[in-house]
Amino acid sequence: MSNSTERSGIAYGLGAYITWGLLTIYWKFLKQFNAVELIGWRIVTSSPEFGLAIEDRETLLRRGGLEIYSTMDIEVQNTTDKVVKREMPIDNEW
C-alpha cells in the first residue's frame, strides 16, 4: 500500500468518525427527535449480530422485532458532567 493511499484511508476514517459525532450533537438539538432512539437505530443497523445484511437489520427494526431500553438518566449524566468539568483541572493527565 502506498503512503498516499494510507493517508487517504486515515483521512476518510477520521472524517467518518467526526461526522458520526457531530451528527449526534446536531440531532440532540431537534426537540421532536429522540437522540437515544437514533443511537439505538445506528447501533442495530451497523451490527452484524442483528442480521447479515443491513436490509435484514432494518426489517427487524421496522417490523417491531426489538425493544430497545436505556438505563441512562440524562439528568444524572448532565449533573455528573457539570461536576467533573468544575472539579477536574483542564490540564489533568490521567
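The values are calculated or read from the model by the stated rules, or taken from the named source; none is laboratory data. Being a predicted model, the structure only gives us computed values, none of them experimental. Methodologically, a virtual Cβ is constructed for each residue, glycine included, from the backbone with ideal geometry; neighbour enumeration extends over all protein chains shown. The accessibility values were calculated without ligands, DNA or RNA, using every heavy atom of the protein model including side chains. Shrake-Rupley method; radii C 1.70, N 1.55, O 1.52, S 1.80 Å.
When residue 52 is evaluated against the numbered criteria (1) modelled with pLDDT under 80; (2) over 19 Å from the mean Cα position of the chain (by Cα); (3) among the aliphatic types (A, V, I, L, M), which criterion, by number, is the only one it fails?
Every condition holds for residue 52 apart from (1).
Could you please tell me which pairs satisfy a Cβ distance under 8 Å, a separation of 6+ or placement on different chains, a first residue in the stretch 65-84 that is open to solvent by 90 Å² or more (accessible area, probe 1.4 Å), and a second residue that is outside any loop (DSSP other than H, G, I, E, B) and at pLDDT below 90?
Qualifying pairs under 8 Å: 68/37; 68/40; 68/44; 72/36.
How many residues, within the stretch 43-90, are in a loop (DSSP other than H, G, I, E, B), more than 23 Å from residue 20 (Cα to Cα) and among the acidic types (Asp, Glu)?
Going through the stretch 43-90 one residue at a time, the tally reaches 1.
Keeping to the stretch 1-42, report how many residues are open to solvent by 90 Å² or more (accessible area, probe 1.4 Å) and assigned to a helix (DSSP H, G or I). Write out each step before concluding.
Going residue by residue through the stretch 1-42, those that are open to solvent by 90 Å² or more (accessible area, probe 1.4 Å) are 1, 3, 6-7, 10, 12, 14, 17, 20, 22, 25-26, 28-29, 31-32, 37.
So of that shortlist, the ones also assigned to a helix (DSSP H, G or I) come out as 3, 6-7, 10, 12, 14, 17, 20, 22, 25-26, 28, 37.
Matching residues across the stretch 1-42 total 13.
Identify all residues within the stretch 2-26 that are within 19 Å of residue 42 (Cα to Cα) and hydrophobic (A, V, I, L, M, F, W, C); write none if there are none.
The answer is 14, 16, 18, 20, 22, 23, 25.
If you check 49, 58, which single one turns out to be open to solvent by less than 90 Å² (accessible area, probe 1.4 Å) and either touching a strand residue (DSSP E or B) at 6+ places or on another chain (Cβ under 9 Å) or acidic (Asp, Glu) (or both)? Quick ask: steps written out before the conclusion?
On the way: 49 fails: open to solvent by less than 90 Å² (accessible area, probe 1.4 Å).
After applying the criteria, what remains is 58.
Assuming residue 41 fulfils every condition listed in (1) closer than 19 Å to residue 78 by Cα; (2) touching a residue at least 12 places away in the same chain (Cβ under 8 Å) apart from one, which condition is it?
Only one criterion is unmet by residue 41, namely (1).
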